[in-house]
Amino acid sequence: MTRECPDGLPVPQRYFAILTVILGLTISVLDGAIANVALPTIAVDLQASAARSIWIVNAYQIAIVTSLLSLSFIGDMIGYRRVYQYGLVLFTCTSLFCALSTSLEMLTVARVLQGLGGAALMSVNTALIRLIYPQRHLGKGIGINSFVVAVSSAAGPTLAAGILSVASWKWLFLINIPVGILALLLAIKYLPDNPNNGIKPRFDVPSAIMNALTFGLLVTALSSFAQGQSITVVGAELIALAIIGTLFVRRQLKMPVPLLPVDLLRIPIFALSMCTSICSFTAQMLALVALPFYLQEALGRSEVATGLLLTPWPLATMVMAPVAGMLIGRIHGGLLGSAGMAIMATGLFALALLPAAPTDTDIIWRMALCGAGFGLFQSPNNHTIVSSAPRNRSGGASGMLGTARLLGQSSGAALVALLFNLFTTRGSHYCLLLAGGFAVAAVIVSGLRTATRPVVSK
């Protein structure tokens, strides 16, 4: 049996608990990235058009972004451990559902359900880390979490390409099953319960519905605009978003414990860290989606060479994220964040300004610079978001962290599609320049945090 942990878990339970979080987070983040590579193969196999097959990706992302905050709120109510376990069960079962799908409609439904399981895992993972690690070692735990998210996001396409080279697309989902079962067994035995603080927030169903509609409309409107949909359709989505979003925020302002944690956004360092996170993930997604096109179409590299040349990015992140975690508490998070995003911006602009016939070395050091900068930034920024929230609102902070990442990634992907439509020949080049611009914005916003005293809430 697990027990409540006022200040972290003892060793070795701590190690098994963090392994549980790593396994669940890895498969949930990977499944948001690996399906992109398999879309052409899946479309042919299921006899679906390329345009309709996009729903295999969209269904998963929309399900996550519309349910993330609701599930993090439920975690504050019934326990992060329980939400995580339910998420593992749902994600594992629906992975099998995905693999057994025989039509696009069946696979889309399976992906929606899988997205709900993934949202349960993402919504409470950092809240669990706050229970697993003692306060003095929280930076190490956040560093591991940031490392897993960053590497899983960046390495997803490369891993998918490797699987597809030796097996059917169904194995992209089947590999989740043994990992999910192992994670569930570990979760049952090692994950901690929430501290008993006597506070049981009430779940507000209208807020949950408005939350789903608000974020669902936001992602859909971004995608519709980027894909060149009718201005009437995009306009209707934006009007509906403005009306429902306004009503949603007004309702949250009246609630003692809101589902959308507007109370946390009143904390200056929390709000600035959220803005920085959105900018950083927008920059990352802009680059990672555009770079394969840039390397293959503009620089003439093969598919295999492209995969290898992208690898230094996640490798550099793997090295730097734990280092950044160790620097937390020694150097102000705002300074670390600004330094990291400045390094990433330098790498992005250097990639955009590559010579017409660069060597592999020219590309590799620029990729490594981007990955190192992102790794240096992410751990301190996530630590600031989590530690500046009261402990009994850890679920809300965890949900907002995941929401910021998904909004940044959705915005980045939409901007890539928009720029590709606007610039038919140099779209990937402009994507890299815009990514550098978002990284510079993150440098500025992160720097503003240095004027704000760090908060470590209890």
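Bear in mind that the values in this text are calculations on the coordinates, not laboratory data. Predicted model, so just to flag it, every value in this text is computed and none were measured. Cβ placement follows ideal geometry from the backbone for every residue including glycine, while neighbour counts extend to all protein chains displayed.
Multiplying the residue separation of residue 331 and residue 109 by 0.36 nm and removing their Cα-Cα distance gives an extension gain of 75.3 nm. Residue ranges 316-323, 119-126 sort as 119-126, 316-323 when ordered by packing (mean number of other C-beta atoms within 10 Å per residue, highest first).
Close Lys pairs in the chain (alpha-carbon distance under 26 Å; sequence gap of 8 or more, or different chains): 6.
Panel note: the C-alpha atoms of the chain, placed on their principal axes, show extents of 61, 49, 46 Å (largest first). Once the gyration tensor of the Cα atoms in the range 261-458 is diagonalised, the equivalent ellipsoid follows with semi-axes of 32, 17, 13 Å, ordered largest first.
The distance between label points at residue 298 and residue 422 comes to 1.5 nm (points 7 Å beyond Cα on the Cα→Cβ vector). Towards the positive end of the charge dipole of the chain, with charges on Cβ (+1 Lys, Arg; -1 Asp, Glu), say which of 375, 257, 399 has the farthest Cα. The residue sitting most towards the positive pole is 257. The dipole here belongs to the chain: it is taken about the Cα centre, uses +1 on the Cβ of Lys and Arg and -1 on the Cβ of Asp and Glu, and is about 1340 debye.
Translational diffusion coefficient, Stokes-Einstein: compute it for the range 243-292 using the Kirkwood radius over C-alpha pairs as Rh, at 37 °C and 0.692 mPa s, and state it as an integer in µm² s⁻¹. The calculation lands on 254 µm²/s.
By the scheme Lys and Arg +1, Asp and Glu -1, what is the net charge of all other residues having a beta-carbon under 12 Å from that of residue 271?
Spelling it out: positives minus negatives among the neighbours equals +1.
Between the alpha-carbon centres of the range 62-122 and the range 231-250 there is a gap of 26 Å.
Using a Förster distance of 56 angstrom, determine the FRET efficiency expected from the C-beta separation of residue 232 and residue 177, and round it to 0.05.
0.80
If the chain linking residue 254 and residue 240 were pulled fully straight, counting 0.36 nm for each residue of separation and taking away their Cα-Cα distance, it would gain 2.9 nm. Rounded to the nearest 500, what is the chain's calculated 222 nm mean residue ellipticity when only DSSP H runs of at least 4 contribute -39500 (n - 2.57) each, over all residues? Counting only the DSSP helices, I get -26000 deg cm²/dmol.
Can you tell me how much longer the chain between residue 444 and residue 319 gets when fully stretched, taken as 0.36 nm per residue apart minus their C-alpha distance, in nm with one decimal?
42.5 nm
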